[in-house]
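Each remark here refers to the structure printed beneath this line.
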Amino acid sequence: MSDTAKLVVDGREHSLPLVTAATGERAVDITRLRDQTGLITMDPGLANTGSCRSAITYIDGEKGVLLYRGYPIEELAARSTFVETAYLLIHGELPTARELSVFSNRLNESSLIHEDMRHFFLAFPNHAHPMGILSTMVASLSTFYPLPEELDRDAEEQFMANLISQVRTIAAFSYKKSIGEPVMYPSIKLRYVQNFLNMMYASPVRDYHQDDDIVRAVELFLILHADHEQNCSTSTVRLAGSSMANIYSVISAGICALWGPRHGGANQEVINMLEHILASGGDGRQFIERAKRRDSKERLMGFGHRIYKNFDPRAKILKAACHKLLNKPGYNSPLFDIALRLEEAALSDGYFLERNLYPNVDFYSGLILKAVGIPYNMFTVLFAIGRVPGWLAHWREMVHAGNLKIARPRQLYTGALTRGYVPIEERNSKG
């Protein structure tokens, strides 16, 4: 099999190298395309562009496969913890018992934010969105925990621990501020998810009872959102990181990209859709019929994925978690019943099957968070907490690859060509 691709331009043949991934997928290396041919490529949305080489996450969208460092997401969801999964993504291997203990202890010891940062929360208006607060506060960490000019291994491990641990503290503090309650500090006695839930729901006059099923449901959510290849926010992290900006600003950029309703905000859109169906007294079938019409403003949220052309494996895991959690006494949700009916109706409809529109992770993740009591405007914040280890893994992989270049895409210019400046008194009146 040839290791080059032939490109013919104006009758002249050019050879371009082919590179092969570990999975056998092949790509045309166009690094020198413009030098050789004077051409650039045009790929809006970058669906056909490989922007990097990475050993972190693999997705087979046709088969519904998701691997973290080679480990199937189903196995990690069933047997791992979020902290262990974070270590795996960043360091490439599952930790030994000692390595996990050292990593966990560092996270616990790094969970406090600088006390002066509490004043920042007071300056935000009461209606401030938690994602706006989170991105701002994460960027500000660089002023409280400045990075050395030369990063050794220990310094790198420390600021990564700061980000993984402090992001949940910032999130919980922002929630407490929004409801007018005093903040609850993290506890050295609690594990990662337990600490977050305690900071969210405990108060000086009210203890928070840790329910194992709720803790595990949130743990699952974080594991399933920890990484997902070169999505919008991860690509943003790599793009911003290529400028050698400080890592806190880089992660803040990822948070801002995640905020969009087409990315991290999609699970909230699903809940809004289910509540709309519930309020209208329907079972979803009429909604589905309306969503199929080209002129309809209604969309069936939580179905279909840019990558997956089969069932999103994360959705299967969260669906099972929904069944377990919402069958507990006091946790029944009519929204889950509607979701199940919607899924059944859509997957028996040729319109959706022909277009490979299967439930994605957002279809069930919002139901998990709602059952746990997470406010709607905090949904994307939980996504960000889960995704920080993945962003850090990609940043670390990029800066240690040895060939870091600042990202600088090309464009096809469609504006006016050179024009002469016209003095204002000579310009035609515009209405």
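With the condition kept exactly as written, say whether any residue in the range 26-34 is assigned to a helix (DSSP H, G or I), touching a residue at least 60 places away in the same chain (Cβ under 8 Å) and either charged (D, E, K, R) or not assigned by TED's automatic domain parsing to the domain that holds M160 (or both). Within the range 26-34, one or more residues are assigned to a helix (DSSP H, G or I), touching a residue at least 60 places away in the same chain (Cβ under 8 Å) and either charged (D, E, K, R) or not assigned by TED's automatic domain parsing to the domain that holds M160 (or both). In the condition set (1) at pLDDT 90 or above; (2) more than 19 Å from the chain's Cα centre (by Cα); (3) assigned to a helix (DSSP H, G or I); (4) not polar (S, T, N, Q), A245 is compliant with all but (3). Taking the criterion of being more than 26 Å from the chain's Cα centre (by Cα) and either at pLDDT 85 or above or not small (G, A, S) (or both), the residues of the range 317-337 that qualify are N327, K328, P329, Y331, N332, P334, D337.
One line per residue, one yes/no per condition, for (1) in contact with a strand residue (DSSP E or B) (Cβ under 7 Å, 6 or more places away or on another chain); (2) within 30 Å of P186 (Cα to Cα):
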{"position": "D29", "(1), (2)": "yes, no"}
{"position": "P44", "(1), (2)": "no, no"}
{"position": "L76", "(1), (2)": "yes, yes"}
{"position": "R98", "(1), (2)": "no, yes"}
{"position": "R106", "(1), (2)": "no, yes"}
{"position": "E115", "(1), (2)": "no, yes"}
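On the given criteria, is A371 in contact with a strand residue (DSSP E or B) (Cβ under 9 Å, 6 or more places away or on another chain), assigned to a helix (DSSP H, G or I) and either surrounded by 16 or more Cβ atoms within 10 Å (Cβ to Cβ) or not assigned by TED's automatic domain parsing to the domain that holds L107 (or both)? So A371 fails the test. Restricting attention to the range 239-259, the residues being crowded, with 24+ Cβ neighbours inside 10 Å and either out of contact with any Ser or Thr (no Cβ under 6 Å at 6 or more places or on another chain) or of a type in the set (K, R) (or both) number 4.
Taking D60, is it among the acidic types (D, E) and loosely packed, with under 14 Cβ neighbours inside 10 Å? Walk me through it before giving the result.
Details: among the acidic types (D, E): yes; loosely packed, with under 14 Cβ neighbours inside 10 Å: no.
Considered against the rule, which asks whether it is among the acidic types (D, E) and loosely packed, with under 14 Cβ neighbours inside 10 Å, D60 comes out as no.
Taking the numbered list (1) more than 28 Å from A253 (Cβ to Cβ); (2) surrounded by 11 or more Cβ atoms within 10 Å (Cβ to Cβ) in turn, G366 passes all entries but (1). Report whether or not L353 is assigned by TED's automatic domain parsing to the domain that holds R153, within 29 Å of M131 (Cβ to Cβ) and hydrophobic (A, V, I, L, M, F, W, C). Here the answer is no, as L353 does not meet what is asked.
Among the residues of the range 145-156, those that are touching a helix residue (DSSP H, G or I) at 6+ places or on another chain (Cβ under 7 Å) and either in a helix (DSSP H, G or I) or surrounded by 14 or more Cβ atoms within 10 Å (Cβ to Cβ) (or both) comprise Y145, L147. Look at N272 and say whether it is out of contact with any helix residue (DSSP H, G or I) (no Cβ under 7 Å at 6 or more places or on another chain), surrounded by fewer than 22 Cβ atoms within 10 Å (Cβ to Cβ) and among the polar types (S, T, N, Q). Answer is yes for this residue. For the range 338-361, the set of residues classified as at pLDDT 85 or above and polar (S, T, N, Q) consists of N360 only. Scanning the range 43-79 for residues that are over 18 Å from H394 (Cα atoms) and basic (K, R) returns K63, R79.
Which residue, of V237, V218, V270, V250, is in contact with a His (Cβ under 7 Å, 6 or more places away or on another chain), assigned to a helix (DSSP H, G or I), of a type in the set (A, V, I, L, M) and assigned by TED's automatic domain parsing to the domain that holds A77?
Details: V218 fails: in contact with a His (Cβ under 7 Å, 6 or more places away or on another chain); V270 fails: in contact with a His (Cβ under 7 Å, 6 or more places away or on another chain); V250 fails: in contact with a His (Cβ under 7 Å, 6 or more places away or on another chain).
Going through V237, V218, V270, V250 in turn, just one is in contact with a His (Cβ under 7 Å, 6 or more places away or on another chain), assigned to a helix (DSSP H, G or I), of a type in the set (A, V, I, L, M) and assigned by TED's automatic domain parsing to the domain that holds A77: V237.
Looking at the range 10-19, is at least one residue surrounded by fewer than 15 Cβ atoms within 10 Å (Cβ to Cβ), hydrophobic (A, V, I, L, M, F, W, C) and not in a loop (DSSP other than H, G, I, E, B)? So far as the range 10-19 goes, yes, one or more of its residues are surrounded by fewer than 15 Cβ atoms within 10 Å (Cβ to Cβ), hydrophobic (A, V, I, L, M, F, W, C) and not in a loop (DSSP other than H, G, I, E, B).
The values are calculated or read from the model by the stated rules, or taken from the named source; none is laboratory data. Computed from a predicted model, the values in this text were never measured in an experiment. For neighbour counting, all protein chains shown are included, and Cβ atoms are generated from backbone atoms with ideal geometry for every residue, glycine included.
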